[in-house]
1. In nm, to one decimal, how far is the residue 44 label point from the residue 134 one, both placed 7 Å along Cα→Cβ?
2. Please list the non-local residues whose amide H lies under 5 Å from the amide H of residue 102, H modeled 1.01 Å from N, same-chain partners needing a gap of 5 or more.
3. If R0 is 30 Å, what FRET efficiency do you get for residue 60 and residue 126 from their C-beta distance, rounded to 0.05?
Amino acid sequence: MNKKEDFHPFNLSELEKWMEDYYLDPLSSYLDQITFRIDLYDTEAQIIVEALLTGCASKDVTVSLKEDSVIIKAAKIDDTEAIRRGHPCMRKVKLPFSVVNKMVSAEFANEILEIFINKNEAGPGCNREIIIDL
């Protein structure tokens, strides 16, 4: 094992295996089609969860953390009907580590929600809702 991996706060090979399994899971593709699409990115400093929330307003989007999961809830606006009606959608992204122990932030712009999970900076260690920056 090389020394860089020895000092990393979590197992990189486990994270790579998890991302591979996530993208190969047929349920992920199905949920992308019936709710909203989610993409995952891994950088040196962060894991980024990106959600395409077409037809959603920022005030109707919430992000919460529970143990090892990021939960995204959004109310889609249906413009095809005479009366605008919210259709609630939810996606839960389960990670291979405790996300509540990490510093997490979120931004929403142009119908895209980005959630940044900092790999190296510790968070408060409790289940919580994340404030979304506009």
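Derivation of every value follows stated rules applied to the coordinates shown; laboratory data play no part. Remember, predicted model here, so these are calculated numbers, not experimental data. Please note: Cβ atoms are built from the backbone with ideal geometry, for glycine as well, and neighbour counts cover all protein chains shown.
1. 3.5
2. Those lying under 5 Å, H to H, from residue 102 are 123, 125.
3. 0.75
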